[in-house]
């Protein structure tokens with residue numbers, strides 16, 4: 001059984017650019033959630049996808065968007081990058097039933113200059 | 001709006017001590033509560049999950065308790081070791097549109113040899 005994986009590990013972008021982050025869910029999981037973690041803070045919920053549709057969203061602007069694919073992998077897209085988007089982006093997968101326990105990937109460190 | 005706080009923000013103890021980390025949440029309508037460990041710059045490792053109907057969970061030297069009515073959870077670490085040094089985060093799981101977690105800011109633990 002493979003765990004949650006994310007790519008790339010690190011990324012440096014310039015303000016105004018667009019970025020795509022990728023996540024591969026743990027085997028058997030049908031739900032993926034994305035979180036943003038600024039330095040020294042707890043993760044903030046961005047959105048969740050279940051069966052390829054958005055199933056919930058936190059307080060993030062529309063320039064944060066996502067996709068979930070039939071194999072339950074997922075992408076997080078951020079347009080018009082701002083300096084404050086610099087953070088660790090975490091992906092978590094779960095099965096939408098039972099305990100809903102979430103399993104997190106190692107994260108992608110995004111730096112916007 | 002659910003808010004999660006953690007006390008203390010940072011803790012430094014000598015090796016071998018027993019310690020307690022505290023987590024408080026404002027809305028008792030939670031599905032479950034999960035404790036995580038995060039090493040610097042890394043993703044989250046799940047430690048313990050407590051369902052809302054449970055009072056405590058144990059794993060090795062770790063014991064987590066939950067008191068929904070008072071909005072509190074504690075993580076007890078017995079016989080601390082330098083390898084326990086990390087940031088510990090608690091997160092409450094909300095049901096509804098978007099099953100997501102609300103995280104506390106974390107407690108940064110240093111166990112000195």
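The values are calculated or read from the model by the stated rules, or taken from the named source; none is laboratory data. No experiment lies behind these values; they were computed from the predicted model shown. Using ideal geometry, Cβ is built from the backbone for each residue, glycine included, and neighbour counts are taken over all protein chains shown.
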Looking only at residues in region A:10-48 that are over 22 Å from residue A:80 (Cβ atoms) and facing chain B (nearest Cβ under 10 Å), which one is nearest to the chain's Cα centre (by Cα)? A:33
Of all residues in region A:85-104, which are at the interface with another protein chain (Cβ under 7 Å from one of its Cβ atoms) and at pLDDT 95 or above? A:90
Assigned to a loop (DSSP other than H, G, I, E, B) and out of contact with any strand residue (DSSP E or B) (no Cβ under 6 Å at 6 or more places or on another chain): is that true of residue B:2 in this structure? no
Would you confirm whether or not region B:95-109 contains a residue that is part of a loop (DSSP other than H, G, I, E, B) and away from chain A (no Cβ under 13 Å)? no
Those residues of region B:58-75 which are farther than 23 Å from residue B:3 by Cβ and in a strand (DSSP E or B) amount to B:58, B:59, B:62, B:63
Determine which member of the set B:106, B:60 is farther than 23 Å from residue A:110 by Cα and either crowded, with 20+ Cβ neighbours inside 10 Å or over 11 Å from the mean Cα position of the chain (by Cα) (or both). B:60
Here the residues within region B:33-45 that are surrounded by fewer than 16 Cβ atoms within 10 Å (Cβ to Cβ) and assigned to a strand (DSSP E or B) are B:45
Strands (runs of 3 or more DSSP E) completely within region A:3-94 that count 2 or more residues being buried (at least 17 other Cβ atoms within 10 Å of the Cβ) and in contact with a helix residue (DSSP H, G or I) (Cβ under 6 Å, 6 or more places away or on another chain): none
Could you grab me the full set of residues in region B:63-89 that are in contact (Cβ under 8 Å) with a residue 60 or more places away in the chain and exposed (fewer than 12 other Cβ atoms within 10 Å of the Cβ)? B:79, B:82
Collect the residues in region B:6-24 that are surrounded by 15 or more Cβ atoms within 10 Å (Cβ to Cβ) and within 12 Å of chain A (Cβ to nearest Cβ), keeping them in residue-number order. B:6, B:23
